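A quick write-up on the structure given underneath.
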Amino acid sequence: MKEKIIQMYINRLTKNDLIRLAKDNGIILNDIEINTLYNTIKRDYSSIIKDPLFYLNNIKSKLTPTTYNKIYELYTIYYPELYHWLNDH
């Protein structure tokens, strides 16, 4: 059920949603970053949840250091919560 909720959210996700989410977290994305993040999320979201560091490392070269560092910081804050939520029985 939880995976279905995530899938429905990702299916409705737009580039504008991604831009807004980034801005809400103090990140200003350039066009390459928007496309990289959006396409990666849309294509690989279920795998990203299982191994987010793999995907962060794969896209690192397409992000500015500031953007990458902020995304990594957010990952360290929110991934433990998401992991526990997904694995909570």
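The values are calculated or read from the model by the stated rules, or taken from the named source; none is laboratory data. From a predicted model like this one, the values you see are computed outputs, not experimental measurements. Virtual Cβ from ideal backbone geometry, glycine too; neighbours counted across all protein chains shown. Areas reflect the complete protein model, heavy atoms only, side chains present, ligands, DNA and RNA absent. Shrake-Rupley method; radii C 1.70, N 1.55, O 1.52, S 1.80 Å.
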Does segment 55-78 contain at least one residue that is in a helix (DSSP H, G or I) and within 17 Å of residue 3 (Cα to Cα)? yes
Considering only segment 1-17, state which residues are open to solvent by 100 Å² or more (accessible area, probe 1.4 Å), more than 17 Å from residue 44 (Cβ to Cβ) and modelled with pLDDT under 85. 1
Go through segment 23-67 residue by residue and tally those that are in contact (Cβ under 8 Å) with a residue 12 or more places away in the chain and small (Gly, Ala, Ser). 2
Only one of these conditions is not met by residue 78: (1) at pLDDT below 95; (2) open to solvent by 100 Å² or more (accessible area, probe 1.4 Å); (3) over 11 Å from the mean Cα position of the chain (by Cα). Which number is it? (3)
If you go through segment 38-50 one residue at a time, do you hit one that is loosely packed, with under 14 Cβ neighbours inside 10 Å and more than 13 Å from the chain's Cα centre (by Cα)? no
